[in-house]
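Only one structure is covered here, and it is reproduced in the block below.
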Amino acid sequence: MSLVTPTPPTLHDSAPPWQWDVFCRVIDNFGDIGVCWRLCADLASRGHHVRLWADDSSPLTWMAPGAREGLWPGIQVLDWAQSQDANLVAQLPPATVWIEGFGCEIAPEFIASYAISISASASEGIKNPVWINLEYLSAESYVERCHALPSPVMQGPAKGWTKHFYYPGFTAGTGGLLRESKLLAAAAQWDHTKRSDWLRSHGVAWQGERLISLFCYEPEGLSAALAHWMRGPEQTLLLVTPGRAARAVQAAWSTAVEASGVPEGESKLRLHHLPALTQAEFDEMLRSCDVNLVRGEDSLVRALWAGKPFLWHIYPQDDGAHLDKLSAFLDCLQVPAGLRTLFAAWNGLPLPSGAESTPIDWALLHAEESRMAAHRWCVQLAAQEDLVTALVNFVEKKR
C-alpha cells in the first residue's frame, strides 16, 4: 500500500520569510514543548525565522540536539524570563507573528515593550503582529465553530489589538495537522532494509519478531495486552520508551505474568528498553514497528502519519473530559467497532454497547482490518492542508 504524498507547500513570494515568536510553557510530559518545537522546525525549514521562548527548554537536549546551542538554522531558543527584559526585547527584529502555544499567555512586559516599539515606529510602516492562540488538538465539534475566531484585547498596552484562536484538527474546517513537506515520502520509502538498519543502530537485537512500540502513561489495558503477547502465538518484541512507559511496564509485569498462565521461560514476549529518542528517531521508530501504542498529542499525529495500526492513550482528566475527546476522535476517523473496543479497553473507559460480555480481542491490533484502517486514515488526513501551510495562509490574509 502506498501513501498519497501531497504536493510540497511553496512559500508565497510576497510573504515569507517572516519573523515568528513562539511561546511555550512546559506543563508536563513534554508534549507542549514537543509540538512547539516541531512547529518551529517546520517553519524554519520553509525559510522563516523563529524565536522559541520556553520556560524549560531542557527537553530539547534530547528531542532536538543542538537546538539550545543555536545550531538549527533559522531558530533561536530563548528563556521565557528573557521576554520580560525590555532592553533585550527592544533590540530584537519585530515579529510578524506571535504564537501562544496551548493558550499560554505572553508576558505583559514583552507585550508592553513591543507596543511601545511599534508605536514609536509607526511612521516606518511596522504593523502589529498577527497574534495567534494555538489551541490543543481535538476532534470535538466546537473546534470547527471556534477555529480562527477573533478575540479583541480589551485592556493593557495591547488594547485594541486582536488575538485569533487557532485550532489544529482532523477536518477541512480546522487548522490541520503538523506535517513536514517530506514526511510522507520518507514514510513511504521506509523499507525492510531501513527498518533493520535502524533497529541495529539503536542496539535492538531484532530476530524477526512482530514489533510494537510503547509510549504511554499508565494504561488500564497494559497488563491484559502484555499477557496476550506473552501467550502468543506470534513472537513479539516490545520497544519500551523511557520514563512513564518503562515504569508502567514494570508495575504491570507481575499481574500480566500471572494472567498469561505461561510458564517461566516460555513467554512469546520480549522487551527492549530504548533510550530517549530525538523527534526524528521517534518518527523512525513508529515507521519501523508493526503496531504503535502512543500517548498525548504529538505522538498521536506522528502515529497517524506512520500509517501503522495504533492505540492512543489519551491524557486522563479528573473531570472526565477525555471521554468525550476520545469518542469524538474515534467518530471522526470512523474507527471500526472492534478497534473502538480496544481503544476503550486500553484507556480503561466504558466499553461500547454490546462489547461488555465479549473477551477483548487484542489480536485485532495486528489484523489486516487494522492495517487497512490505519492506511485509510493517513491518506484521508494527508489530503488536507497541513498546519504550517494553513498558518502561513492565515497570517498572510490577516496582514
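Points to keep in mind about this one:
- Selection status of Ala252, more than 26 Å from Arg38 (Cβ to Cβ) and buried (at least 17 other Cβ atoms within 10 Å of the Cβ): yes
- Pairs, first buried (at least 21 other Cβ atoms within 10 Å of the Cβ) in the stretch 217-238, second in a strand (DSSP E or B) and among the basic types (Lys, Arg), C-beta under 8 Å, six or more apart: Thr236/Arg210; Thr236/Arg270; Leu237/Arg210; Leu237/Arg270; Leu238/Arg270
- For the stretch 314-337, residues that are touching a strand residue (DSSP E or B) at 6+ places or on another chain (Cβ under 8 Å) and open to solvent by 10 Å² or more (accessible area, probe 1.4 Å) total 1.
- In the stretch 283-312, the residues that are in contact with a helix residue (DSSP H, G or I) (Cβ under 7 Å, 6 or more places away or on another chain), in contact (Cβ under 8 Å) with a residue 40 or more places away in the chain, open to solvent by 10 Å² or more (accessible area, probe 1.4 Å) and under 20 Å from Asp28 (Cβ atoms): Gly296, Glu297, Asp298
- Cross-chain or 6+ apart pairs with Cβ under 7 Å, the stretch 319-343 first and more than 16 Å from Arg376 (Cβ to Cβ) and among the aromatic types (Phe, Trp, Tyr), then open to solvent by 20 Å² or more (accessible area, probe 1.4 Å) and at pLDDT 95 or above: none
- Filter pass, Ala205 being surrounded by 14 or more Cβ atoms within 10 Å (Cβ to Cβ) and at pLDDT 95 or above: no
- Filter result (more than 20 Å from Gly208 (Cβ to Cβ) and open to solvent by less than 60 Å² (accessible area, probe 1.4 Å)) within the stretch 270-279: Ala276, Leu277, Thr278, Gln279
- Index of the failed condition, Arg340 passing every other in (1) closer than 27 Å to Leu43 by Cβ; (2) charged (D, E, K, R); (3) surrounded by 16 or more Cβ atoms within 10 Å (Cβ to Cβ): (1)
- Candidate set from the stretch 49-65 (those that are outside any loop (DSSP other than H, G, I, E, B) and hydrophobic (A, V, I, L, M, F, W, C)); member that is surrounded by the fewest Cβ atoms within 10 Å (Cβ to Cβ): Trp62
- Among residues of the stretch 151-163 that are in contact (Cβ under 8 Å) with a residue 24 or more places away in the chain, those with a Cβ under 6 angstrom from a residue that is outside any strand (DSSP E or B), sequence gap 6+ or separate chain, pair up as Pro157/Ile111; Pro157/Ala112; Pro157/Ala115; Ala158/Ile111; Ala158/Ala115; Trp161/Asn128; Trp161/Val153.
- Any chance Ser267 is more than 18 Å from the chain's Cα centre (by Cα), closer than 21 Å to Ala367 by Cβ and either among the acidic types (Asp, Glu) or surrounded by 15 or more Cβ atoms within 10 Å (Cβ to Cβ) (or both): no
- Failed item, numbered, when Pro242 is tested on (1) out of contact with any Pro (no Cβ under 8 Å at 6 or more places or on another chain); (2) touching a residue at least 24 places away in the same chain (Cβ under 8 Å); (3) surrounded by fewer than 17 Cβ atoms within 10 Å (Cβ to Cβ): (1)
- Residues of the stretch 341-399 that turn out to be in a loop (DSSP other than H, G, I, E, B), within 19 Å of the chain's Cα centre (by Cα) and among the aliphatic types (A, V, I, L, M), as a count: 1
- Restricting attention to the stretch 1-37 and to residues that are charged (D, E, K, R) and open to solvent by less than 50 Å² (accessible area, probe 1.4 Å), the residue that is modelled with the lowest pLDDT turns out to be Asp32.
- Pairs, first touching a residue at least 24 places away in the same chain (Cβ under 8 Å) in the stretch 55-75, second open to solvent by 80 Å² or more (accessible area, probe 1.4 Å) and among the aromatic types (Phe, Trp, Tyr), C-beta under 7 Å, six or more apart: Pro59/Phe30; Ala64/Trp72
The values are calculated or read from the model by the stated rules, or taken from the named source; none is laboratory data. As the structure is a prediction and not an experimental result, all values here were calculated from the model. Cβ sites come from the backbone with ideal geometry, for glycine too, and all protein chains shown count toward neighbours. Surface areas here come from the heavy atoms of the whole protein model, side chains and all, with no ligands, DNA or RNA. Shrake-Rupley method; radii C 1.70, N 1.55, O 1.52, S 1.80 Å.
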